[in-house]
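A.B. asks: Please find one structure pasted underneath; my questions will follow.
The values are calculated or read from the model by the stated rules, or taken from the named source; none is laboratory data. Please read all numbers here as calculations on a predicted model, not as lab measurements. FYI the Cβ positions are ideal-geometry reconstructions off the backbone, even for glycines, and counts take in every protein chain you see. In case anyone asks, the SASA skips ligands and DNA or RNA and just uses the protein heavy atoms, side chains included. Shrake-Rupley method; radii C 1.70, N 1.55, O 1.52, S 1.80 Å.
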Amino acid sequence: MPNSEPASLLELFNSIATQGELVRSLKAGNASKDPYFRMTRDVAPRIGYPKPALLHSTFFPALQGAQTKMSASDPNSSIFLTDTAKQIKTKVNKHAFSGGRDTIEEHRQFGGNCDVDVSFMYLTFFLEDDDKLEQIRKDYTSGAMLTGELKKALIEVLQPLIAEHQARRKEVTDEIVKEFMTPRKLSFDFQ
């Protein structure tokens with residue numbers, strides 16, 4: 001059976017009725033599912049269900065730009081949590097779509113475009129210092145910061161973040177996974 005957005009929302013209705021008891025539902029999705037979700041919110045009360053809630057999420061763009069898709073079959077389309085520091089540096093430097101100008105002179109004069117620059121987009125997710133992010137945006141759009149410098153800033157943020165993840169992942173044992181995956185009764189108090 002082909003996957004269709006409206007059909008996938010049947011899962012939403014089925015998940016909110018548990019053992020004869022109505023349970024509030026929270027669904028995560030991206031903005032492309034919004035029309036179906038709104039329809040579900042409109043219909044749910046009419047057929048005796050509570051309105052579900054939705055968390056809109058934003059996807060990371062592929063390294064080649066927001067108009068392309070990440071793909072596991074194209075290792076250069078994204079940064080993986082298993083990538084080495086060298087792979088991260090190479091991928092960002094070679095494959096991250098730039099909002100910079102064709103020449104240094106043009107870039108210094110007109111500045112870069114943060115709206116299409118993948119390195120800047122990634123920094124909006126991973127750089128925790130909002131003041132520093134704003135300074136990078138100002139410097140890049142004014143031409144004071146070049147594309148190579150922006151990519152270097154992203155690399156300096158991603159490499160330690162992914163290294164820390166990899167170190168923590170190594171500490172996970174089979175026993176920890178088994179404990180985490182063991183089904184257990186959860187109690188909810190929605191009052």
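A.B. asks: Could you order ASP189, ASP34, ASP83, ASP74 by accessible surface area, starting with the largest, using a probe radius of 1.4 Å?
C.D. replies: Numbers: ASP189 120, ASP34 30, ASP83 10, ASP74 60 Å².
Ranking ASP189, ASP34, ASP83, ASP74 by accessible area, largest first, yields ASP189, ASP74, ASP34, ASP83.
A.B. asks: While we're on this one: Of the trypsin sites (Lys or Arg not before Pro) in the range 52-108, which ones lie in a loop per DSSP and count no more than 14 other C-beta atoms within 10 Å? Mind showing how you got there, number by number?
C.D. replies: Numbers: sites: LYS69, LYS86, LYS89, LYS91, LYS94, ARG101, ARG108; in loops: LYS69, ARG101.
The qualifying sites are LYS69.
A.B. asks: Send over the Kirkwood Rh of the range 39-128, from the inverse of the averaged 1/r over different Cα pairs, rounded to one decimal Å. Spell out each step's value before the answer.
C.D. replies: On the way: mean 1/r = 0.0628 Å⁻¹.
It works out to 15.9 Å.
A.B. asks: Next question. Obtain the nm distance between the two label points defined at ILE47 and THR124 by a simple spin-label model: each point lies 7 Å from its Cα along the Cα-to-C-beta direction.
C.D. replies: Inter-label distance under the simple model: 3.6 nm.
A.B. asks: At a probe size of 1.4 Å, how large is the accessible area of TYR36, to the nearest 10 Å²?
C.D. replies: 80
A.B. asks: Considering only protein heavy atoms, with the full assembly of protein chains and a 1.4 angstrom probe, order SER98, SER73 by accessible area, largest first. If you can, show how the numbers build up before the last one.
C.D. replies: Numbers: SER98 40, SER73 105 Å².
So, going from the largest accessible area down, we get SER73, SER98.
A.B. asks: Can you tell me the length gained on complete extension of the stretch THR182 to ALA66, counting 0.36 nm per residue apart and subtracting the Cα distance? Provide the component values of the computation, followed by the final result.
C.D. replies: Details: separation 116, 0.36 × 116 = 41.76 nm, distance 3.84 nm.
So the extension gain works out to 37.9 nm.
A.B. asks: May I ask you to compute the full-extension gain from ASN93 to GLN109, defined as 0.36 nm times their residue separation minus their alpha-carbon distance, rounded to one decimal in nm?
C.D. replies: Gain on extension, ASN93 to GLN109, equals 3.5 nm.
A.B. asks: Next question, about the same structure. Given contacts defined as C-alpha pairs under 8 Å and at least six residues apart, what's the relative contact order of the range 31-154, whole-number percent?
C.D. replies: 20
A.B. asks: Based on the Cβ-Cβ distance of ASP102 and GLN166, what FRET efficiency does E = 1/(1 + (r/R0)^6) give at R0 = 30 Å, to the nearest 0.05? Mind dumping the intermediate values first?
C.D. replies: Values: r = 37 Å, r/R0 = 1.24.
Once the sixth-power term is evaluated, E becomes 0.20.
A.B. asks: Can I ask one more? Compactness ratio of the range 75-191: Cα Rg over 2.2 N^0.38 Å, N = residue count?
C.D. replies: Numbers: Rg = 19.4 Å, N = 117, 2.2 N^0.38 = 13.4 Å.
Compactness ratio reported: 1.44.
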